[in-house]
Amino acid sequence: MSVDAPQTSRAEAFREHIAEMKIPAPNAGRDRLLARLGLLLALVGIALGIVGYVMSHQTNNTLTQNDALVMAVVGVSCAVTGAAIFLRYSLAQFLRLWLVRLIHEQRQP
């Protein structure tokens, strides 16, 4: 039980220091929503790319193949954009916490 006491007091001190900094809390709900939206966009992009590829190989009509290839390229661009959005918003929360912990540990005597 003596091991839990220092951890608890350290966690409480960390919370107190955060409250003292008066940093406005980020809108975690918005970040989470945008991360999920980015993931969904990436998955839809992957699906569009696969469907476009399959459609282009199932026909001999050049016009249909061109339409399918355009759909596949749009799918790839959606996948890349969605992955970038997902990475940005999913890493933002982690890096924010890391920075606050780093600041807190530097303030310790």
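When restricted to residues that are among the charged types (D, E, K, R) and loosely packed, with under 15 Cβ neighbours inside 10 Å, region 58-95 contains 1.
A search for C-beta distances below 7 Å between a residue of region 21-43 that is at negative phi and small (Gly, Ala, Ser) and any residue that is at pLDDT below 85 and surrounded by 14 or more Cβ atoms within 10 Å (Cβ to Cβ), counting only pairs 6+ apart in sequence or on different chains, returns ALA28/GLN93.
Each residue in region 44-64 was checked for being small (Gly, Ala, Ser) and without any contact (Cβ under 8 Å) to a residue 24 or more places away in the chain, and 2 pass. Considering only residues of region 96-109 that are within 13 Å of HIS17 (Cα to Cα) and either of a type in the set (Val, Ile, Thr) or touching a residue at least 12 places away in the same chain (Cβ under 8 Å) (or both), which is surrounded by the most Cβ atoms within 10 Å (Cβ to Cβ)? Top of the filtered list is HIS104.
Within region 40-57, if we keep just the residues that are surrounded by fewer than 17 Cβ atoms within 10 Å (Cβ to Cβ) and closer than 26 Å to LEU87 by Cβ, the residue that is farthest from the chain's Cα centre (by Cα) turns out to be TYR53.
The values are calculated or read from the model by the stated rules, or taken from the named source; none is laboratory data. On a predicted model such as this, the values are computed, not experimentally measured, just so you know. Cβ: placed from backbone, ideal geometry, glycine included. Neighbour counts: every protein chain shown.
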